[in-house]
Structures are given as C-alpha cells and as structure tokens.
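The values are calculated or read from the model by the stated rules, or taken from the named source; none is laboratory data. Since this is a predicted model, take the numbers as computed values, not measurements. Here the Cβ positions follow ideal geometry from the backbone for every residue, glycine too, while neighbour counts run over all protein chains shown.
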Amino acid sequence: MKDEPMDVKALLKSLSEACGVSGYEDEVRGVIRQAFEPYCDEIRVDTMGNLIGLKKGSGKGGARRKRVMLAGHMDEIGLMVTEIDQGFIRFTQVGGYDTRVLPAQAVTVFGRERLPGIIASVPPHVSGSSDKSTPMDELYVDVGLSESQVNKLARVGDLITLDRPCVELSDDLLCGKAFDDRASVAAIVTCLEILSQTAHEWDVYAVATVQEEVGLRGATTGAFGIAPDLGIAIDVGFGKQPGVKEKFAIILGKGPALARGPNIHPKLFAGLKATAEKFEIPYQVEVTSGGTGTDANAIQLTRDGIPTGLISIPERNMHTPVETISIKDVERTGRLLACYIAGLDADTMGQFVWDDDNGGEK
Amino acid sequence: MKDIIKKMVEGFGPSGFEDSIRAAIRDEIQPLVDEIRVDAMGNLIALKKGTGHDGKKIMVAAHMDEIGAMVSYVDKKGFVRFTNLGGVVPIFEVGGRMRFENGTIGVIAMEKLEDPKKAPELEKLYVDVGATSRDDCPVNVGDVACFLQPMVELGPCLASKAMDDRVGCAIMIQALRDMKTKPAADIYFVFTTQEEVGLRGATTGAFGINPDVGIAIDVTGTGDTPEPARKMAVSIGAGPAIKIKDSGMVVTPWVKDWMIDVATAQKIPFQLEVLVGGATDAAAIQKSRAGVAAGCISIPCRYIHSPSETVSYADVLNSVKLLVGMLERPVFN
Amino acid sequence: MMLEKLSNAFGPSGCEGDVRRIVISDIKSRVDELTVDHLGNVICRMKATGRGKKPLRIMAAAHLDEVGMIITHADDDGFLHFDKIGGIDDRILPAKGVVIGAGKVPGVIIAKPVHLTSAEERGKVISHDDLVIDIGAANKDAAVKKCAPGDYATFDTRFRRFGRGLVAGKAFDDRVGCAVLIELIKRGPYPFEFCPVFTTMEEVGLRGAKVAAFKVRPDIALVLESTICEDSPKEKDRGSVTAIGKGPALSLADRGLIVNRKLVRFAARRAAALGVPCQFKQPGIGGTDGGAIHKEGEGAPTLPVSVPARYIHSPMAVISLRDFHHTIDLAEDVMRHVTLADIQP
C-alpha cells in the first residue's frame, strides 16, 4: 500500500504523454502497470495485450467471488507508415483523426530509432488557396534526413505519434494528446486507491484495454476471458464546445456523465445515479440510442450477456492532439466508481432483474 | 503447383455455396491429414497432428468462397436480376459472364445510365441467359453464380477469377504436401466459408477449434499499377507480404516477427503490408473467445474482386515456403 | 387477440418491459424453463417428448422490441428533443403522436407550420434533429418533471382491422413474430427440445439474439419476423421484396445471413407438402436476428420465416391474417420434420 495520496495531475500527464497506439500499447502499459501495482493483488497481460489488475474483494466465493470489470482503454489513435517515398514518409491512420488537424503537427516516427518529424504542409503561396482539405494519402512526414538514411531507419508499419506535451490550461483543465481514454485509466487508478482503504466484497478487475479505437477489440476478448458479473466502461464524452449539438454535449467540470440507453443496464444506471446522489458527487446524464462506440458495447454482448454501464468523462476536442479534460471530473469518476463498488454485496445481482422497466425512470 | 492453382481458381463456390469447391479440396488433402470434418457453417477442417508434447494448436485459414451473385428476380422477358454475394464491383463485371451452378452461362449487361460518367450501381445490371420469358429461364430466384474467367499465364503472373482466395487454398494444399517433418503443434488447416460476406466461417471455425495461434493466407492489394486505387508499398513479384495492419486487425507483433524471422533465415523475399481497407480471416480469429495471437501471409494481387485477379507465381511459391518454414518451427510467445 | 395486445404494447429497443410482461404471463405455464437474461431476453425451454438419444435442439426467435425514440433533453421552452432508436425514416416523423416514458406521457412530433416554409424547404426531408416533441410543458422544468433524458418513446397508434382480411398497427416488426412464437409454444411440446426466445434490441444491432444464441447453442434456429413488403404498382419490372397474401416469406440471403440452402429448400418442400403458399423474400435485402444467431458459438443453420408487412418501421404497418396463420403452420411443420441429416453441408 502507498502512504502518500496519489497525485492525479501527475498521473494524467504521464499517461497522456506515454506512447500507445492501438495494437502497440507497450509503453503506456508499463506506466499503468506501475500505477496499478500498489493496489492490485494480481496483474496480468492477456493475449491481446489488455492489462488486467485484480483487486480481490472480501466476499465469500473464493475464486468465483462476484466480479466487476472496469474498462478504460489505454490505446490512443496514431499514424502508421505505409510507404517511404523518396525520403519522405507516407502514412495512414490507426483510429480516426479528422485529417484537417494533421498538417504542421510535430510527430515522432518510431523507426529503428525515434525520429522527430513534421507533417509537411505545402505553403499557401505555392498551393494556392483552396477550400478542399488535403486527403490523408497526400500528406507526408518530413524527418529531415537523406533518402538513404530514411530508408535505413524507417520502414512500412512503423508507428508515428503526434507529439504534444500536456499543458495546464487552468487549475483544473488539462490539455494533452491522449486523454481519450487515459483520463479514464486515471479514474480507475483513483478508484483502486480509494478501495485500498475501503472494504469491498466484490473482486475488482481493473482493465486497461487495448485496440478500442480500431473496433473495441481488447474489450471484446478481455471481457470474454474475465467473464465478469457486471461491466463498467469508462470513456470520454463530447464536451460542450462550439459545433457540438446540445443533444450530444456534456459539460466539463460538472462531473461524470452516466449513460442511459439500450447499451446500458437500467439497474446499473440507477445504481450509479443513486450512489452519486448519496455521496454528493456531481453527475450528468448522457443519452445514447443504441450500441455506443465504447468498450461498453463489446462488454454487454459478451458470452450470454453482461449488465453493463458507461461513465463518460467530458472532453473537448476529441481525437485531436489537444484533448481537454477536467481533473475534478476524473477524481469524481474514480470516487463514484469506488463508492459504487464498495456498495456491491451478495444480494446485488438479485437486483439485476428486468421486472419493472416500463419506459423510463421511476 | 500451377495445376492445383488452376483447379482451385476454376472451381465453383460463391459465399455460402462452397459445396463443390469443398469436395475438390477434400479430395486433395484427405490422404495428407489425420482427421477431417465439416462444421455447421461448412468450414472444411483438417487436422495434421503434431508430436503433441506442447499441446498447442495452430489454425491456418484460407477461405474457399469467392464473390458471386444470387438471382433476386427474373422479369417477364426472362432477364435475370441479381444481388451480390460479397464485394462485387459492377464496372468489373459489365460485359463479362457468369456461370450458374447448373451450368447456365449468362452475359452481364446493364441498363442505360442516367449519368454515363458515373460508375453504375449493381441494381443497373442484369444477366441475359438467352431466355425469352420467365417460364423458359433456366435459373430461378435463389440460384447462385460465380464470375467466369479461366486461369491464364501473363508472363510470370497468373490471372483468373477467384485468386481471392483459392490461391490461399492452393498454398495450404501445397504446404501440406511439402511438410516433411511432423510439427511440434497440432495444425488445423481450415478452408473457411463466407469470408467475403464478413469473415463468418472463420468466426465460428476459430470458436470451435480454440487455437493458440491463427494464420490466415489471403490476397492483398498492391500499389504497383498506374494510378492505383490506393497508394501502397506492396508490389507483385517482390515476395509474400507480411501483414502488419489492415482495417480488421493489428497483427500480433510477435507473430509478425516470427514470419519475418523465418523469411529472413530462409532467404525468402518478403515485403511488409499496411492495408487501408479490407480484412481477412485472421481478424476474426484474433478476436475469438479471450483472444488469439494472429497474423496473415498475404499474396500481393492486382485487380482484386475483378474476374482477372492477378498474382505472381513466384510470390505463391515463396508463400508456400514461408508457411512450411513457420509450421516446421512453430514459435509461441 | 394476442397480436392486438402485443402491437399496442410499449417496447422500443432496450425498454421492452411491457411487452415482456405480456409474453411471460401468456406462456409461463406452458414451458419447462423460463429465464430473463441480462439483456432482457426471455429464454424458454420445452423438453422433448419421448425418450431416446439426445434430441435435436431447435431455437425459434422473435424480437420484442420495436423502433422508437429516446429523449435527449428538454429545451427552455419545454420541448423535448430526441434521437431515433432503430431505423426510422425521418420522412414519417412529422405530426405523429407518441407516448413517452413510464408515465406514458402523450406528445406530438412537431415542425413549423407550412405557411412559414419556403418551397425549397418543403422539397427537403426534415431531419429528426430539427423536430421536437410537444408534451404541453410550459418550460424546461415542467418538461423534465414528466419526461427525463433517457426516457423512451414510441408511436401511439392502436391496432385495427383493415381492408379485407388485413390488420393494421404499429410494431408489427416484430410483434407479429412474437405472436407466431407464442402460438408455436401453445402447439407444443414437440419431439425435439424447443427453445423459444423472445429477444431484445434487434433494431439496434441484433444485441439480444447474439447473447441468447450463445446461451442456447441450438442445432438449428428459426427466426420469426415480419418483413418488408412493397407490393404497390411499379413502373419497372423489378418484382417486390415480398407480396402480401402470398404466404410466409422464406429468406435465401440477406445483409447478415446466407441461409443454409438445404434448410430453406427443405422448408419450401414442406410448404408444398402442407398445401401452404410460401414465397422467397427477394435476396439481398434487410437483415434479422438470424445474422447474429447463425454465427454465434460454432454456428447453427438458421432460417428466417416472415409474415410480409407493408409499411414496417412506421406507426402503421399492415399484414394479412392468412399469411400470419400460414406462417405458424409452416414453422411448426418445418420444426417437426427437419433433421440434421436434411441440412448438413
């Protein structure tokens, strides 16, 4: 057990700055392993690369104690080399950027060695003004080396990440390249820390999942392997900002958003909401109309079905290198998770019935 | 091995209707394997037992289905409308022919286009089988067809319909013939169904087999033609392509390294592949159950999903060598 | 009539409770096991009659859910904004009545009056993003008191007789299938192990069916549906997906499933033997729970059998009662006669 309270801001920074493009999460996995270690009884990495920390509960049932799975994905979107073209590097994306944010970004190419680079932008003096954006396959990275050096140091399949140190926009708002979804991983760590000083009956599987951005792949296999009784995905949600319709927006600094909709078990939503109210944790409600684009989607459909919840941390500028979140929201999310888990007992699953859903909240 | 490639690509088996090609493959491999079965989805699953002391299972998969067509309507004059089985590209097919399972040949034609500058939608196409009415039309709703082109040699290349993925089937058959030593692991050679409509056979096949490692053998696109559909650093003739990523998977890094190591050690030429768009059975295998380490040996192929899919014969031979080399020296992380 | 009760019931995807209750109370005494799983599926089992070797396990699925809406937020003027649940065409939304949430609050979907629209606007579909539901609330607080964000809504249409031998109502996709499945339960038990499953969330991605099939692991599955029928006169000679009054529609291939050809041909032969009309649904269109069921686990041959329904996914669909009864008869007959030997690849 750790003696000093965790520094959430420092953790968020180190998480955001670590590299971990979908499918190649090794570096960030190391950072998270360190953060999990003080609080977990067992830690393992599964075939897909999910980092699975088990914090055992005090309830009866031994190896088959009730299990809750917390999933926050550790992968980030990034780029991958497709071709070396006369010393310049062509690329595709891993996950989904708006390609319009790419020109003139600083990058690192993970070749035989780490190569600093720039995504080239043709000066408007030459290109002429245009209202058309540049498609991905016309962009390239300049690493400032000769053709023969580039051929020696980089090859097809090498990863490229956008370089973006974490910036404090205010006391509470952090801006960085990978808060989607490292902010949630930090919330899970916060939850584990609180649980290390709080009794809880259920086993907690804290999972930093892989390959969410390319199709929820880590959560799919991770949930199958763990076979939890309840699953809670934690991800970022669209923060209110110009251009985001109100029906999709949640507000930074006003607490985690609890999702409702077909992907979410109504009892899990109700349980999280009741917990937030009981412990006076500010929260918002986010409405989803079908399968969500989060790990919750995969978890719910695992095996013969798992009651699943989704908590969203409000984030502005999603899928850009300047993703912005509120530290308070992260801490509140961790606290909400911990309070909810501490309340899980032998009778909880008996409450997960479908006898009274009839259109809405009571 | 041109004979077996020809036999494979000229066989009949649109997605969901692989009976005929399955029988042909079964004939080829029966004497070479220890057990053979067909599962509920129609996958042909052949087991070559290993020496058994490490108890590991490797699943090697190539899909035996090809893109094709199913009759959706026969009009009063006997013209046939069809829906696609898999990713049929209308402009590749107009003016060509299709062969129905009962032997009927039809000419693929199209209606007048509203905008001749735009590529036609599938619903603009129809098939003329020489009928004059619905009554004398030799095919009915639900009948299936594949596109028709025999294999030809273009210099060092081979062109045919259904290279995707019968060339993969041929590579697996040839690998079975060429394997000299009993491998350390049990190897499941799986000829999958319904890949072209969403990796369906591999999904259930992998669930049933529950392998430790999955390797798909399939074709991939190239960037070596005039103004190619997509820029890509893969060319035909430069060796098998070792997949790193496509839209269905990021290859398990150590499986990719295993392939590179074998190719390097045996001096097999190879290239690395990042495919934008497209997926293979390996993606389905990787996501099976609690996850399976998986990768893909890709055969570079021009004009995929046309009736003249074109590969380099040398690449095919080298793919066999790479697969055999891997299976004889399996690596498990 | 059961279909009337089911059609009128409230049950958008994810919120099928009212429909589930109707189904359960009608069938619970007739099945050997009944469980409601974590996605809300009603999974039943009827033991095989007779003894002997392991009986065939046949699953038959119909989905409880219907397309609908979900409230996203209330604005300052008390209007409710919403998202669609499942595939509703925006063109059918304006000026329809809905009911919302546990309180079944009545509301209407509104857009601005025709007088204030330009000719150009009238030529365009109004996006559901620009439509709101009016529940008569004076302001945001009054609205939220009645309907919270996340409350579900559906159309308020009532079932009725229609034309000659037809009936009309909402949610025929797939309450018609539910009614067929209930009747099949009542005609049991059978010489095979029968697993009727009422699935949830079909309209938002075959969600219930996927996990139910994982649990049931059938040898063979039937999917009972009502399917697209657009048999109105057409300019071109292109046929229709199905036609009303021509009997149950057997699927050959749709966007999510290529039907085991031996199974579908077997069913067509049974229809002929039974003297029941049947038709093939035009291949390549639509999708059903079968798309999930047939590839779950190690896979199972799966056949959708559907009652043709005009105007599905709208507040008012139409079916023929003859087609409905023929579908029950054919499904029963296929299940009674099919063996694995008939359909193995």
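So which residues in segment C:1-20 are in a helix (DSSP H, G or I) and within 8 Å of chain A (Cβ to nearest Cβ), if there are any at all?
Selection gives C:G17, C:D18, C:R20.
For segment A:16-69, what are the residues that are over 16 Å from A:A183 (Cα atoms), surrounded by fewer than 22 Cβ atoms within 10 Å (Cβ to Cβ), touching a residue at least 40 places away in the same chain (Cβ under 8 Å) and hydrophobic (A, V, I, L, M, F, W, C)?
Of everything in segment A:16-69, those that are over 16 Å from A:A183 (Cα atoms), surrounded by fewer than 22 Cβ atoms within 10 Å (Cβ to Cβ), touching a residue at least 40 places away in the same chain (Cβ under 8 Å) and hydrophobic (A, V, I, L, M, F, W, C) turn out to be A:C40, A:I52, A:L54.
Count, please, the residues in segment C:123-153 that happen to be surrounded by fewer than 18 Cβ atoms within 10 Å (Cβ to Cβ) and either under 32 Å from the mean Cα position of the chain (by Cα) or in a loop (DSSP other than H, G, I, E, B) (or both). Write out each step before concluding.
Looking only at segment C:123-153, we keep the residues that are surrounded by fewer than 18 Cβ atoms within 10 Å (Cβ to Cβ), and these are C:123-127, C:129-130, C:134, C:136, C:138-142, C:144-145.
Next, only the ones that are either under 32 Å from the mean Cα position of the chain (by Cα) or in a loop (DSSP other than H, G, I, E, B) (or both) stay: C:123-127, C:129-130, C:134, C:136, C:138-139, C:144-145.
Within segment C:123-153, residues that are surrounded by fewer than 18 Cβ atoms within 10 Å (Cβ to Cβ) and either under 32 Å from the mean Cα position of the chain (by Cα) or in a loop (DSSP other than H, G, I, E, B) (or both) number 13.
Return the residues of segment B:59-82 that are charged (D, E, K, R) and over 19 Å from B:I304 (Cα atoms); say none if nothing qualifies.
B:D75, B:K76, B:K77, B:R81
Condition first: within 18 Å of C:K210 (Cβ to Cβ) and surrounded by fewer than 24 Cβ atoms within 10 Å (Cβ to Cβ). Now tell me which residues in segment C:49-69 satisfy that.
Result: C:R57, single match.
So which of A:R335, A:R260 ends up being more than 27 Å from A:C166 (Cβ to Cβ) and either of a type outside the set (A, V, I, L, M, F, W, C) or within 14 Å of chain C (Cβ to nearest Cβ) (or both)?
Just a single option satisfies the conditions, and that option is A:R260.
Out of segment A:333-362, which residues are modelled with pLDDT of 85 or more, assigned to a loop (DSSP other than H, G, I, E, B) and under 29 Å from the mean Cα position of the chain (by Cα)?
Hits for segment A:333-362 are A:G343, A:L344, A:D345, A:F352.
May I ask you to list the residues in segment A:210-267 that are over 26 Å from C:E203 (Cβ atoms) and of a type in the set (S, T, Y)?
A:T221 - this is the single residue of segment A:210-267 that is over 26 Å from C:E203 (Cβ atoms) and of a type in the set (S, T, Y).
Given the conditions (1) more than 24 Å from B:G52 (Cα to Cα); (2) part of a loop (DSSP other than H, G, I, E, B); (3) in contact (Cβ under 8 Å) with a residue 40 or more places away in the chain, which single one is not true for B:G198?
(3)
Out of segment A:90-123, which residues are within 11 Å of chain B (Cβ to nearest Cβ) and closer than 16 Å to A:P135 by Cβ?
Matches in segment A:90-123: A:R90, A:F91, A:T92, A:Q93.
Pick from C:A111, C:A119: which is away from chain A (no Cβ under 14 Å), surrounded by fewer than 20 Cβ atoms within 10 Å (Cβ to Cβ), among the small types (G, A, S) and touching a Ser or Thr at 6+ places or on another chain (Cβ under 9 Å)?
Working: C:A119 fails: touching a Ser or Thr at 6+ places or on another chain (Cβ under 9 Å).
Result: C:A111 is the single residue among C:A111, C:A119 that is away from chain A (no Cβ under 14 Å), surrounded by fewer than 20 Cβ atoms within 10 Å (Cβ to Cβ), among the small types (G, A, S) and touching a Ser or Thr at 6+ places or on another chain (Cβ under 9 Å).
Given the criteria at pLDDT 95 or above and under 30 Å from C:H337 (Cβ atoms), does C:I43 qualify?
Spelling it out, C:I43 is indeed at pLDDT 95 or above and under 30 Å from C:H337 (Cβ atoms).
Given the residues B:G239, B:G205, which is the only one that is on the phi > 0 side of the Ramachandran plot and in contact (Cβ under 8 Å) with a residue 40 or more places away in the chain?
Sole residue among the options that is on the phi > 0 side of the Ramachandran plot and in contact (Cβ under 8 Å) with a residue 40 or more places away in the chain: B:G239.
Give C:L34, C:L56 a once-over and let me know the one that is free of Cβ contacts under 8 Å to residues at least 24 places away in the same chain and aliphatic (A, V, I, L, M).
Residue meeting the stated conditions: C:L34.
Return yes or no: is C:H325 modelled with pLDDT under 95 and either in a strand (DSSP E or B) or not polar (S, T, N, Q) (or both)?
No, not satisfied.
Identify, please: which residue in segment A:207-229 is within 16 Å of A:I313 (Cβ to Cβ) and in contact with a Leu (Cβ under 9 Å, 6 or more places away or on another chain) and is, among those, farthest from the other protein chains (Cβ to nearest Cβ)?
Taking the candidates together, the pick is A:A208.
Would it be correct to say that C:P189 is under 23 Å from C:F324 (Cα atoms), touching a strand residue (DSSP E or B) at 6+ places or on another chain (Cβ under 6 Å) and surrounded by fewer than 22 Cβ atoms within 10 Å (Cβ to Cβ)?
Here the answer is yes, as C:P189 does meet what is asked.
What are the residue pairs meeting all of these: first residue in segment C:135-158, first residue within 13 Å of chain A (Cβ to nearest Cβ) and under 18 Å from A:I264 (Cβ atoms), second residue acidic (D, E) and part of a loop (DSSP other than H, G, I, E, B), Cβ atoms under 8 Å, and 6 or more apart or on different chains?
Short answer, once both residue conditions are applied: C:A148/A:E361; C:G150/A:E361; C:D151/A:E361.
Of B:K267, B:K321, B:K287, which residue is more than 23 Å from B:V190 (Cα to Cα), basic (K, R) and modelled with pLDDT of 95 or more?
Every option except B:K267 fails the conditions.
When you go through (1) touching a Leu at 6+ places or on another chain (Cβ under 9 Å); (2) small (G, A, S); (3) crowded, with 21+ Cβ neighbours inside 10 Å one by one for A:G117, which number turns out not to apply?
(1)
Failed condition for C:V259, given (1) free of Cβ contacts under 8 Å to residues at least 60 places away in the same chain; (2) under 22 Å from C:L6 (Cα atoms), with all others met?
Tallying (1) free of Cβ contacts under 8 Å to residues at least 60 places away in the same chain; (2) under 22 Å from C:L6 (Cα atoms), C:V259 fails exactly one: (2).
Restricting the search to segment C:11-42, which residues are over 25 Å from A:A259 (Cα atoms) and either crowded, with 24+ Cβ neighbours inside 10 Å or touching a His at 6+ places or on another chain (Cβ under 9 Å) (or both)?
Correct list: C:V23 only.
Can we say A:A178 is in contact with a helix residue (DSSP H, G or I) (Cβ under 8 Å, 6 or more places away or on another chain), among the hydrophobic types (A, V, I, L, M, F, W, C) and either surrounded by fewer than 20 Cβ atoms within 10 Å (Cβ to Cβ) or more than 14 Å from chain B (Cβ to nearest Cβ) (or both)?
Judged against the criteria, A:A178 is a match.
Which residues, counting only those in segment A:149-169, are within 14 Å of A:I89 (Cβ to Cβ) and either of a type in the set (S, T, Y) or assigned to a loop (DSSP other than H, G, I, E, B) (or both)?
Hits for segment A:149-169 are A:A154, A:R155, A:V156, A:G157, A:D158, A:T161.
Does B:V139 qualify as being modelled with pLDDT of 95 or more, in a loop (DSSP other than H, G, I, E, B) and either farther than 20 Å from B:P330 by Cβ or within 14 Å of another protein chain (Cβ to nearest Cβ) (or both)?
Yes; evaluated as a whole, the condition is true for this residue.
A:V141 is checked against (1) over 25 Å from A:R29 (Cα atoms); (2) out of contact with any strand residue (DSSP E or B) (no Cβ under 6 Å at 6 or more places or on another chain); (3) buried (at least 20 other Cβ atoms within 10 Å of the Cβ) and fails just one. What number does that condition carry?
Going through (1) over 25 Å from A:R29 (Cα atoms); (2) out of contact with any strand residue (DSSP E or B) (no Cβ under 6 Å at 6 or more places or on another chain); (3) buried (at least 20 other Cβ atoms within 10 Å of the Cβ) one by one, A:V141 breaks only (2).
I need every pair where a residue in segment B:178-190 that is over 26 Å from B:G42 (Cα atoms) has its Cβ under 7 Å from the Cβ of a residue that is at pLDDT 85 or above and among the polar types (S, T, N, Q), sequence separation at least 6 or different chains.
B:K182/B:T51; B:A184/B:T51
Condition check: in contact (Cβ under 8 Å) with a residue 60 or more places away in the chain, farther than 27 Å from A:P242 by Cα and more than 22 Å from the chain's Cα centre (by Cα). Does A:A276 satisfy that?
No.
Residues checked against (1) under 15 Å from the mean Cα position of the chain (by Cα); (2) within 25 Å of C:M316 (Cα to Cα):
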| site | (1), (2) |
| --- | --- |
| C:M1 | no, yes |
| C:G11 | yes, yes |
| C:G14 | yes, yes |
| C:R20 | yes, yes |
| C:N41 | yes, no |
| C:C44 | no, no |
| C:T49 | no, no |
